[in-house]
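Here the structure comes first, spelled out in structure tokens, and everything after it is commentary.
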Amino acid sequence: MDPKFIQGVLYLVFIIFLTFILYGYIIHLYRSEKKGEKDYEKYGKLALDDELTSKPVEGIEEENKKESK
């Protein structure tokens with residue numbers, strides 16, 4: 001077999017694999033937001049509001065409650 005053919009097939013398989021990983025991650029984010037486990041909208045605002053004086057996205061108390069569950 002031609003090495004370029006094998007390289008092309010492996011590249012295609014790798015791209016398909018990465019596509020499945022990406023869609024799996026997107027589905028995971030969507031489901032966890034629907035269940036109310038995380039609110040990713042808060043984290044999206046982090047890039048816009050990143051001053052030292054900004055209030056934290058999650059407080060320490062909220063984090064401790066999640067760990068104790």
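Would you mind computing, in nm to one decimal, how far apart the modelled labels at SER32 and THR19 are, each placed 7 Å from Cα along Cα→Cβ?
2.5 nm
Within the chain, what's the longest run with no GluC sites (Glu not before Pro) in a DSSP loop and at most 16 other beta-carbon atoms within 10 Å? Give the range, please.
Working: sites that count: GLU37, GLU51, GLU58.
It works out to 1-36.
Residue-wise, which Karplus ³J(HN,Hα) couplings in Hz belong to region 50-59, taking 6.51 cos²θ - 1.76 cosθ + 1.60, θ = phi - 60°, and x for glycine or proline?
For region 50-59, the Karplus-derived couplings read 10, 7, 5, 8, 5, 6, x, 5, 10, x Hz, x marking Gly and Pro.
Taking the chain, how many lysine pairs are there with alpha carbons less than 30 Å apart, if each pair must be eight or more places apart or span two chains?
Lysine pair count for the chain: 26.
From the list (i) 2.07; (ii) 3.70; (iii) 1.83, can you say which value of Cα Rg over 2.2 N^0.38 Å was derived from the structure given?
Here the calculated entry is (iii).
Since every read-out is calculated from the coordinates, none of them should be taken as a lab result. Model, not experiment: these values are computed from the prediction. Cβ atoms come from the backbone with ideal geometry, glycine included; neighbour counts cover every protein chain shown.
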